[in-house]
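The values are calculated or read from the model by the stated rules, or taken from the named source; none is laboratory data. If you're wondering where the values come from, they're calculated on a predicted model, not measured in any experiment. Don't worry about glycine lacking a Cβ; one is built from the backbone with ideal geometry, like all the others, and counts go over all protein chains shown. With ligands, DNA and RNA removed, areas are computed over all heavy atoms of the protein, side chains included. Shrake-Rupley method; radii C 1.70, N 1.55, O 1.52, S 1.80 Å.
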Amino acid sequence: MNGDERPEGPGTAQNPAEPRRGVVPGASTEPRRLGEGARFAGPGEPEAPPVPETPGRRGRSVVAWAGLGLLAGAAALAVWGFFGGLRSAPREEVAGVWLLVPLLAAVLLAWAARMAVRVLDEGDLPVRGWAVTVLAAVSAGLAFLAFTAFPRDSFLATAGAPETYAPSQRATVLWLALCLTSLGGLLLAAAPTWPSPRRWGRLLLGFPAGVLAAAVAGALVPVAVLPSVLHTVAGPGGPAPEPPTVTRVGWTWNPPPAARIQDVVRGSRGALVVLDDGVVALDGATGEELWSYRLPYADGVAGGAVDGGAYVTYTEAPEGDAAGPADPVTVLLDPGTGEVAGRFALSEEDREEYAGWNAGLRLRWDGPALSGRSVDGREELWSHTPAGVPGRNCLGDEARMAGDRVVFVHACLVPEGGGAGTYAVVGLDAGDGTEVWRHEWETAEGEKVPFLSVPPTGGGAPVVLLTRWGGSRHHPPAFLDLDSGEEVAALPEEARESEHVSVFEDDVLLADTGGAVVRVDDWTEEEVLRVRVLGAGTAEVTDYVLGSGAEGVVLPLADAVLLPRMAWTGLSSGTVPDIMVVPFGDSVTEEGAEGVPVGVRDPRGREYDYKSLDLVAVPGAVAVHAEGADRVEGLVP
């Protein structure tokens, strides 16, 4: 027997009954995957028995699959962050370095998946050691990068200052993908084994759990953490009474961070503040927020109030390969509660074709006919064609809506007659377009198409303010009852045409069927300049000049008139340190008038020029604001 021959006996191939040294009876002799419990024997060493599978060991194996699922979810989340239509604040741009996030997640995912399906033999034993080291080091580096790259400006609590607050869904989702990539790598590095595709139970449990966790975390960003629409509603309630006079600043309201005040208009229960990202309704008596509708990531946001409702209009970002932005979308809101009452999209071209609109009707001229359409413009509700005059050119213009009336000017002029013909103001029923009344007159030489408006009321029934212009003489404003069309003698006696007094459209502050309140600039008998507000009584400020463009800072209330106290800084510029309160029946000088200091300032703390300041009478208060100011103040009794 040579040295290569071995005798048959126990433990040889001819007698397999006795197991080989180092092999556990019943154990598989197939090559084991790395980490499945066997330790391969070194030279001259017996093989160690396999490590038994324990619940803890199986759980850590599931965690490894969860780590792989997190890597897959993070890669998908990063791609969605770039191409999924997530929004950023208008002044926030996502840096190009975020492009590395999906790349890193994809590389780690591909490498870990490759290791998971690889069948290792004895020559691959060192792979586990260096692979874990590299994976742990990369994941720890990504964790440090996530710490330094946190989008702090997306959250008010972490933004350096309110002016730097710029919420970004995109940056937040990409940062979240970076965190999930780091966490997935750390879970893989901490597992006792590479996840094996042969362990289907653990694969089906761990991998979907990781993907689902990434999907849920990503979905919460635009839904709960940084929602695209910030909408709150109010409970039912009525308006507070309007103050007959004011004595102090009762409340101050500041806009949300990163939002800027564009305008303040009258709401149904107080002030409606128009921001550059939506609208906020305030209680006039307290200044508390009643409801709001804001779109922090939308483009071209505009808002305001129309008869019967409030609205916000915005432009959605183009999707996919769209050549340009979509049509502007208008959201109609209940003025009292802020609940959404309707929504429609209408192109800019179509909007320009309409003569006016409110919460239930949109007007458009179709040749000589005036048509009333649904507020979204899709359905024609009625059409009215005024009766023409044979041999004359007839046209319609100046369509206005107020309450249940639509009014417009109907002109029938003689061809080449130098403007000779007739003008008429026509009142229609807003519900069906039928003609209810007509006020007609023969034109004066050179007279132009008159202007129509519906001024604020002082408690009586509304009127139409008719302003005739052109020709050889001045026509004082005329007032027509909105309901019947009858002319109302609304001008105070002292405001009738005289040698020193001429009243124009801009001078009318309030008007209704009970009378008008107008502002008159004239002189005293001693030839001292004065400003008078004439109504049922007279409020007068002598030795006083109201600057051109300050009409919005003159506001009549039931018992007093508010006027700006001027601090002139130039020939045509000046600030307003306080608001004068002049009771009806009083005559005061500018220096001697009582006043209410106002604190509306620009971002640098300076008083605004009087041309920027405005007063708005709202239920419960008088709102003071200026375009671009950082606050709204409410003057109360």
Can you give the Rg to Rh ratio for the stretch 269-387, taking only C-alpha atoms and Rh from Kirkwood? 1.04
Per residue, how large is the accessible surface of the stretch 374-462? Use a 1.4 angstrom probe and give square angstrom. 48
The simple spin-label model distance between VAL132 and PHE344, using points 7 Å out along Cα→Cβ, in nm, is 6.8
Please grab the % of Cα pairs in the stretch 227-331 that end up more than 21 Å from each other. 40
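Once you list every other residue whose beta carbon is under 10 Å from the beta carbon of THR232, what net charge do they have if Lys and Arg are +1 and Asp and Glu are -1? Could you put the intermediate results ahead of the total?
Working: positive: ARG294; negative: GLU289.
Summing Lys/Arg as +1 and Asp/Glu as -1 gives 0.
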Taking K and R as +1 and D and E as -1, what net charge do the other residues with C-beta under 10 Å from the C-beta of HIS439 add up to? -3
Could you give the nm distance between label points at ALA558 and VAL545, where each point is 7 Å from its Cα heading toward the beta carbon? 3.7
Counting other Cβ atoms within 10 Å, keep those with at most 14, restrict to DSSP loop, and tell me which GluC sites (Glu not before Pro) in the stretch 374-410 are left. GLU379
With a Cα-only, solvent-free Debye model of the stretch 345-472, what are the log10 I(q)/I(0) values at q = 0.10, 0.11, 0.12 Å⁻¹? -0.34, -0.41, -0.49
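Could you work out the mean projected area of the convex hull around the alpha carbons of the stretch 170-311, in square nanometres to one decimal? Working shown, then result.
On the way: hull surface 55.0 nm².
For the Cα atoms of the stretch 170-311, the hull's average projected area reads 13.7 nm².
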Can you list residues from other chains, or at least 5 along the same chain, whose modelled amide H is less than 5 Å from the amide H of ALA402? VAL407
Share of carbon and sulfur in the accessible heavy-atom surface of the stretch 368-410 [1.4 Å probe, %]: 45
